[in-house]
1. Would you be able to tell me the number of residues in segment 59-104 that are in a loop (DSSP other than H, G, I, E, B) and closer than 25 Å to K121 by Cβ?
2. Taking only segment 120-132 into account, find how many residues are part of a loop (DSSP other than H, G, I, E, B) and either without any contact (Cβ under 8 Å) to a residue 40 or more places away in the chain or polar (S, T, N, Q) (or both).
3. E117: over 23 Å from S83 (Cβ atoms), in a helix (DSSP H, G or I) and among the acidic types (D, E), yes or no?
4. Among the residues of segment 47-89, which ones are of a type in the set (K, R) and loosely packed, with under 11 Cβ neighbours inside 10 Å?
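The values are calculated or read from the model by the stated rules, or taken from the named source; none is laboratory data. Fair warning: this is a prediction, and the values are worked out from it, not measured in the lab. Neighbour counts are summed over all protein chains in view; Cβ atoms, including those assigned to glycine, are modelled from backbone coordinates with ideal geometry.
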Amino acid sequence: MSRLSDGCPTPSVRFRVRETNTNSDRAAKKTTVAALEEFEAEPRKATDLATTAKRFTQSHPGLVVACADFADGPVWITDGAPSPPHWLTEHTDHCANTVREWIRVGRALRAPRASAEAFRKGELLYSKVRALTRIAT
């Protein structure tokens, strides 16, 4: 065993040549092609994800304000729900805490503030508006 310049031994590596089976070569090629196709699909998946996230960000202000408007309306009462978050949770598959926050933030955004306008324009994200409305109200 030889030694590197720092005194550590260098591992000896031995390669064995094995005979290949043509069936396993074909399977390996298919696997490689499938992996390559999957890898090439990743940029498309990333683009789709970014597009979906952008659509969600653009529609989030409308959703939040709509939840606040719904909470102040009569539909949930006439349906027999104990509260607007209960009704929205049942009909939208979102958890009650999320819906409660949407209602609270939506109500806070009714006041003419710069943060409300920035949220509608997409200049502020929901998480920042949520924090600002907690401080402001």
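1. So in segment 59-104, the residues in a loop (DSSP other than H, G, I, E, B) come out as 72-74, 79-83, 93-95.
Adding the requirement that they be closer than 25 Å to K121 by Cβ leaves 72, 94.
Qualifying residue count for the region: 2.
2. Residues of segment 120-132 part of a loop (DSSP other than H, G, I, E, B): 122-125.
Of the ones still in play, those that are also either without any contact (Cβ under 8 Å) to a residue 40 or more places away in the chain or polar (S, T, N, Q) (or both) are 123-124.
Adding up the residues that qualify gives 2.
3. Details: over 23 Å from S83 (Cβ atoms): yes; in a helix (DSSP H, G or I): yes; among the acidic types (D, E): yes.
So E117 fits the description; yes.
4. Quick first cut of segment 47-89, residues of a type in the set (K, R) only: 54-55.
Within segment 47-89, just R55 meets the criteria.
A quick yes/no check of all residues on (1) at pLDDT 95 or above; (2) of a type in the set (V, I, T); (3) under 23 Å from the mean Cα position of the chain (by Cα); (4) on the phi < 0 side of the Ramachandran plot:
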position	(1), (2), (3), (4)
V33	no, yes, no, yes
E38	no, no, yes, yes
A50	no, no, yes, yes
P61	no, no, yes, yes
A68	yes, no, no, yes
K121	no, no, yes, yes
